[in-house]
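Please read the structure below before turning to the comments.
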Amino acid sequence: MSIKDFLISCLFPKRCIFCNEVIEYNKNMCEDCTEVFSSSQIVRYIPYMGDERYVECISPFLYKGGIRKAILNLKFHNVRSNLEFFASSIAEKLLEKFDINYIDYICFVPMSERSFVDRGYNQSELLAVALSDILKIPVRNVLIKEHETYTQHELGAEERSRNLLGAFSTNDGSSISNKNFILCDDIITTGSTLKECVKTLKHYGARKIICCTIASAR
């Protein structure tokens, strides 16, 4: 390190791009975040009708450490600096596991109208658009959230499922029938939200559905 670089690092210490901890000059992430990001792909199975019919959900990261902070910043503070990184990480895992040439559209978990107005954006939609830019698959806004529900993270597993029953519908059934989708959300915890969205898509005739999230809480 040159004297100039040393002085700059003392006056303006380099920080982890995710958790903002001070790090060494030649690194981009702290050790904790590096450990999280080195995890292999996480595949969850979401049953949407009994135990035999399910869709797969792929997530490149665990919901902890710097990833958790970055997702919360995106979700509640409109911090989009890591959005492209998240989308490229998901795209990499999707391409590793699936042949996506048959996918017609990317869609996303919707918010209620009131929640969207309060927040001003839907982080899952932002993720879908970023993923679309990479995979060159168009985004289609086919799902709507019919009514406000209780905040999921405040509920237990069974309560989460009951909370979302009948919450989702569509505004464009003709765009769902016989089409194949990638369905995006920010995180998967119990899988209740994605399950209800998948059930809605299947009800309106969707064929193949692959789910993806930035992170998995399990």
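Taken together, the values in this text are just the output of simple stated rules run on the coordinates, not laboratory data. It should be emphasised that the depicted structure is a prediction, and the values quoted were computed from it without experimental measurement. Reconstructed Cβ throughout: ideal geometry from the backbone, glycine too, with neighbour counts over all protein chains shown.
Structure notes:
- Residues R218 and I134, FRET efficiency given R0 of 22 Å [Cβ-Cβ distance, rounded to 0.05]: 0.25
- Contour minus Cα-Cα distance for K202 and E92 (0.36 nm per residue): 37.0 nm
- Filter on K64/K145; K93/K179; K97/K202; K93/K199 - keep pairs with C-alpha separation over 26 Å: K64/K145
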